[in-house]
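Here is the structure we will look at.
The values are calculated or read from the model by the stated rules, or taken from the named source; none is laboratory data. Computed from a predicted model, the values in this text were never measured in an experiment. In this analysis, Cβ positions are derived from the backbone assuming ideal geometry, glycine residues included, and neighbour counts consider all displayed protein chains.
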Amino acid sequence: MSGQRVVVVGGGLAGCECAWQVAARGFDVLLVEQRPGDTTPAHRTGQLAELVCSNSLRGASVENAVGLLKEEMRRCASIVLAAADSVRVPAGGALAVDRERFASAITRAIMHHPRIRVERRRVDRIPDDRPCVLATGPLTSDRLASDLAGRLGTSSLSYYDAIAPIVDADTIDRSIVFEQSRHGQGDSDLEGDSSAYLNCPMDEAQYREFVAALREADRVTAHEFEGVAYFEGCLPVEVMAERGEMTLAFGPMKPVGLVDPRTGRRPFAVVQLRREDRAGTAYNMVGFQTRLKHDAQRRVFRMVPGLEKASFLRLGSMHRNTFVCAPVVLDETLQLRVEPGVYLAGQITGVEGYVESAACGMLCGQMLADGMMGRPARRPPATTMLGGLMGHLRGGEGAFQPSNATWAMVPPVAGKKSQRKAERARRALADLDTWLATLPPAPSLPALA
């Protein structure tokens with residue numbers, strides 16, 4: 001095998017997964033991690049792949065979007081999933097791990113790999129080495145982020161990432177909500193189709209009760225590294241509610257240009273839902289970025305008429321983040337268009353969550369190794385959650401926004417509502433197995449227990 005070396009910057013889940021995938025295919029890797037010499041306010045140890053905020057890697061069932069993603073990663077020989085499975089702890093329907101043992105297992109696998117060398121130092125600019133992978137996560141250092149931003153022609157990559165909840169379309173009460181865009185104008189991103197928007201109408205009493213609940217709901221306490229300097233253009237919905245009882249009615253909940261066909265009149269206020277995918281399987285709550293705790297979100301947002309039985313594919317959040325506009329700056333192999341040989345992996349690409357970051361690192365490493373061996377880069381089928389995640393990074397409808405794995409990322413299936421998730425999971429795994437059969441065998445995983 002060629003003596004060409006890959007430099008991976010960042011020893012989190014994405015960086016470790018990427019490094020292992022490249023090394024397991026016979027290439028030398030230099031993995032550079034700044035901790036423990038330079039740490040972040042979120043980290044506490046010098047271990048690689050430290051989980052900083054939860055021991056849960058979320059749902060285990062393949063009928064859960066992230067559960068399916070994990071099973072696909074297992075079949076693709078993910079070192080992160082192998083480590084997680086080896087240190088799993090009881091957690092009902094979730095995959096939870098012993099955090100210390102998990103980080104130790106990954107650290108041992110990386111440190112003991114004969115083709116991986118680990119250096120502990122801070123990286124303030126993109127290394128000159130090619131190929132080079134940046135897997136520095138949402139807390140990328142200011143200097144490195146500034147260097148990356150300068151090369152991309154962007155003034156800043158670090159800001160408060162505003163994410164609104166996404167609702168499963170099948171759980172919206174269509175007898176209450178109505179399709180209409182304000183003033184009858186369609187959404188240009190969806191070819192002028194007014195059904196791009198659903199509207200949940202509220203009368204005055206419902207609106208005032210909703211605003212009161214928002215003001216009183218429990219909120220996530222900001223981490224010390226996040227602060228509370230919100231941008232005016234993307235305030236949390238509960239902060240807007242605090243500014244005045246009618247602030248939301250003149251903001252994201254304004255009813256101007258809308259007529260409820262049941263009454264023939266304009267509602268007092270509305271919650272607009274924007275279609276998240278062309279198939280209409282998921283809807284985004286427009287303007288509802290929030291810092292409410294998850295249980296509070298479910299309780300308060302189910303007060304919205306038409307969402308009483310809503311199932312949330314993703315809940316809202318706001319946090320400091322560093323990521324690029326992937327559809328614009330990355331090619332299909334996660335390589336920077338303006339800097340050939342520089343790749344991005346993990347949350348810096350615009351995926352959210354530990355599992356999604358590791359999946360991105362896995363695919364980046366595999367595609368990078370494919371290119372170094374002169375083979376076409378692998379692209380998982382669009383019907384798989386891995387393929388859906390890559391599709392998300394290639395862009396979709398509307399402005400690009402970081403996202404967890406959701407069912408909206410893969411094509412829908414026909415059939416009974418109660419069976420659709422199981423059928424999509426069955427299809428995904430069948431298509432994944434067929435695809436994997438066309439590729440060289442995956443490297444063997446080490447014993448990690």
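The figures follow:
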{"quantity": "Test: residue in the range 276-290 that is surrounded by 23 or more Cβ atoms within 10 Å (Cβ to Cβ), at pLDDT 95 or above and among the hydrophobic types (A, V, I, L, M, F, W, C)", "calculated": "no"}
{"quantity": "Conditions (1) touching a Leu at 6+ places or on another chain (Cβ under 9 Å); (2) without any contact (Cβ under 8 Å) to a residue 40 or more places away in the chain; (3) outside any helix (DSSP H, G or I); number of the one not met by A84", "calculated": "(3)"}
{"quantity": "Within the range 292-324, tally of residues that are charged (D, E, K, R) and within 17 Å of the chain's Cα centre (by Cα)", "calculated": "2"}
{"quantity": "Residues of the range 169-199 that turn out to be buried (at least 17 other Cβ atoms within 10 Å of the Cβ) and modelled with pLDDT under 85, as a count", "calculated": "4"}
{"quantity": "Selection count where residues are in a loop (DSSP other than H, G, I, E, B), at pLDDT 90 or above and under 16 Å from P340 (Cα atoms), scope the range 136-162", "calculated": "0"}
{"quantity": "Pairs with Cβ under 8 Å, 6+ apart, first in the range 113-137 and in the same structural domain as D147 (by TED's automatic domain parsing), second among the basic types (K, R) and assigned to a loop (DSSP other than H, G, I, E, B)", "calculated": "R120/R35"}
{"quantity": "Candidates R115, R58, filtered to the one that is crowded, with 19+ Cβ neighbours inside 10 Å, of a type in the set (K, R) and touching a Phe, Trp or Tyr at 6+ places or on another chain (Cβ under 9 Å)", "calculated": "R58"}
{"quantity": "Scope the range 96-117; condition modelled with pLDDT of 90 or more and either closer than 20 Å to E352 by Cβ or among the polar types (S, T, N, Q) (or both); matching residues", "calculated": "F102, S104, T107"}
{"quantity": "Selected residue (criterion: surrounded by the most Cβ atoms within 10 Å (Cβ to Cβ)) from residues of the range 126-144 that are within 19 Å of the chain's Cα centre (by Cα) and of a type in the set (S, T, N, Q)", "calculated": "T136"}
{"quantity": "Strands (runs of 3 or more DSSP E) enclosed by the range 301-408 - at least 2 residues per element that are surrounded by fewer than 23 Cβ atoms within 10 Å (Cβ to Cβ) and either in contact with a Phe, Trp or Tyr (Cβ under 8 Å, 6 or more places away or on another chain) or modelled with pLDDT of 95 or more (or both)", "calculated": "317-322"}
{"quantity": "Within the range 376-419, tally of residues that are touching a residue at least 12 places away in the same chain (Cβ under 8 Å) and either of a type outside the set (A, V, I, L, M) or not assigned by TED's automatic domain parsing to the domain that holds R58 (or both)", "calculated": "25"}
